[in-house]
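I have placed the structure first, in the form of structure tokens, so that the comments after it can refer back to it.
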Amino acid sequence: MSELSVDHLLGIKYLKREDIELIFETADHFKEVINRPIKKVPSLRDITIANLFFENSTRTRLSFELAEKRLSADVINFSAAQSSVKKGETLIDTVNNILSMKVDMVVMRHPNPGAGVFLSKNVKASIINAGDGAHEHPTQALLDSYSIRERLGDVEGKNVVIVGDILHSRVALSNIFALQLQGANVKVCGPKTLIPKYIGNLGVGVETDLRKALEWCDVANMLRVQNERMDISYFPSTREYTQQYGVSKALLDSLDKEIVIMHPGPINRGVEITSDVADSKQAIILNQVENGVAVRMAVVYLLASKIKQ
């Protein structure tokens, strides 16, 4: 396969397995590029990309910006907090104003699920979803799978458990789709109140006992508790959550095998994982960050090559 089957990256559920393989092959090439002394390639010199963030983001926004600049694209950064959106401007008006400046691609994070899909139907530009509410976060899932592939050689056949706040997590949903597409076995683990009712329909196992989940898995992807999305209390206290669902070095060392620990960030150290776990050789958290730039370069490059045709 030489090109993506899609014109936008709106969610993993729209991708084929071949798309993921093509993105990873392209990311392998870019990973080599970003480890050179001169980290830029002129691939997208004639492409203009707007980063629209209607929700806070540090790592994703910086990662996309760096990826775009490494490809020599022209980049416009737009933060809704400082924009006319605060004055009541609609999403389409905001984007059309930006597109009238001859923008080819929009990377958007938005609090409403489906905002990217809505945009792709209403404006002429290639759209990359950088997170839509608690729905999907496709590039995070891609970089997570890419990092598993790098550490374990392949994603197929691996047992991956996603631990924590599944209910509010766009990372969890995108990861479930991406891992299943590549032939991994997926379970979720967390308090019952933080596991959505529909999860069984996705062919995912549910395990409420953390120790059992860790004994089963090859990889544990630890999510933070998203307090900012919670309007009610889903568990008695942070301390109790940590006692039941926090991973410590002692717990890892007591398992009869060595598992890989991942985290999409930001980490609440001492809540879902302790510092000695985050900084241990079993954790690939910093690899995920590095791989995020290469994977996002691949996505941007492959979508831009379809614009150029």
Checklist entry - When you scan the range 41-64, how many residues do you find that are of a type in the set (D, E, K, R), out of contact with any strand residue (DSSP E or B) (no Cβ under 6 Å at 6 or more places or on another chain) and either over 17 Å from ASN291 (Cβ atoms) or free of Cβ contacts under 8 Å to residues at least 60 places away in the same chain (or both)? => result 2
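Here is a yes/no grid of residues against (1) modelled with pLDDT of 95 or more; (2) part of a helix (DSSP H, G or I):
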{"site": "VAL160", "(1), (2)": "yes, no"}
{"site": "LEU167", "(1), (2)": "no, no"}
{"site": "ASN175", "(1), (2)": "yes, yes"}
{"site": "GLY200", "(1), (2)": "no, yes"}
{"site": "VAL206", "(1), (2)": "yes, no"}
Item to check | Residue identified as β-branched (Val, Ile, Thr) and touching an Asp or Glu at 6+ places or on another chain (Cβ under 9 Å) among THR193, THR139, THR242 | outcome: THR242
Checklist entry - So, of the residues in the range 170-223 that are under 19 Å from the mean Cα position of the chain (by Cα) and among the charged types (D, E, K, R), which turns out to be farthest from ILE148 (Cα to Cα)? => result ARG170
Checklist outcome for this item: Within the range 94-120, residues being under 19 Å from THR48 (Cβ atoms), free of Cβ contacts under 8 Å to residues at least 40 places away in the same chain and not hydrophobic (A, V, I, L, M, F, W, C) number 3
Checklist entry - How many residues are modelled with pLDDT of 95 or more and of a type in the set (Val, Ile, Thr) when one looks only at the range 177-194? => result 2
Checklist entry - In the range 43-149, which strands (runs of 3 or more DSSP E) lie fully inside it and hold 1 or more residues that are within 17 Å of the chain's Cα centre (by Cα) and buried (at least 23 other Cβ atoms within 10 Å of the Cβ)? => result 48-53, 105-110, 126-132
Item to check | Residues (surrounded by fewer than 20 Cβ atoms within 10 Å (Cβ to Cβ) and either among the acidic types (Asp, Glu) or within 20 Å of ARG296 (Cα to Cα) (or both)) located in the range 150-159 | outcome: GLU150, ARG151, ASP154, GLU156
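The values are calculated or read from the model by the stated rules, or taken from the named source; none is laboratory data. This one's a predicted model, so the numbers in the text were calculated from it and none came from an experiment. Every residue, glycine as well, gets a Cβ built from its backbone with ideal geometry; the counts of neighbours run over all protein chains shown.
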